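Just so it is clear, none of the values below were taken in a lab; they were calculated from the coordinates. For clarity, every value in this text was computed on a predicted model and none was experimentally measured. Quick reminder, even Gly has a Cβ in these numbers, built from the backbone with ideal geometry, and neighbours come from all protein chains shown.
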Amino acid sequence: MATHAPQDRECGGVPLPDSVPFELPRSSRLSWDLGTRVIDDGESTLQSEWAHSKTGRTISVFRVTGNTVVVRVRTPVGRERFYGAARNGLGTAITALEESPNWRRTE
């Protein structure tokens, strides 16, 4: 899926919420309808899920194709934002979560 909106970062990704300890290169924000449809599809797989120890936010990473992931950021009250990104840019994001003292893996 192509986007035509101007990109906010040099790496070509949209900004993630401040509570997220990483950036996703060449990411795009998905609408809630599209994000939920993609992750509820029988072809997508939950790759990992992380919980913030102080705020109750969660980050879930779904593998949706061989080269694409969807990242869901959920607030404590259940609001969700979805971001599509290339799978090859995910390594540094997972490392940032692992090294952060406030995030712990739940899945």
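I'd like to know which of S53, A86, G66 lies farthest towards the positive end of the charge dipole of region 28-105, counting +1 on Cβ of Lys and Arg and -1 on Cβ of Asp and Glu.
Result: S53, furthest along the dipole toward the positive end.
About the Cα centre of the chain, what is the dipole size in debye to 20, counting +1 per Lys and Arg Cβ and -1 per Asp and Glu Cβ, all else neutral?
Values: 14 positive and 13 negative charges, 33 e Å.
Using only the charged Cβ atoms, the result is roughly 160 debye.
So, how do all the Cα-to-Cα distances of region 28-105 break down into 10 Å bins, in percent, from 0 on up?
Bins of 10 Å from zero give 19, 52, 27, 1 percent of pairs.
Under the Karplus relation 6.51 cos²θ - 1.76 cosθ + 1.60, θ = phi - 60°, what is the ordered set of whole-Hz ³J(HN,Hα) values for region 31-39, x standing for Gly and Pro?
For region 31-39, the Karplus curve yields 5, 4, 4, 5, x, 5, 5, 5, 6 Hz.
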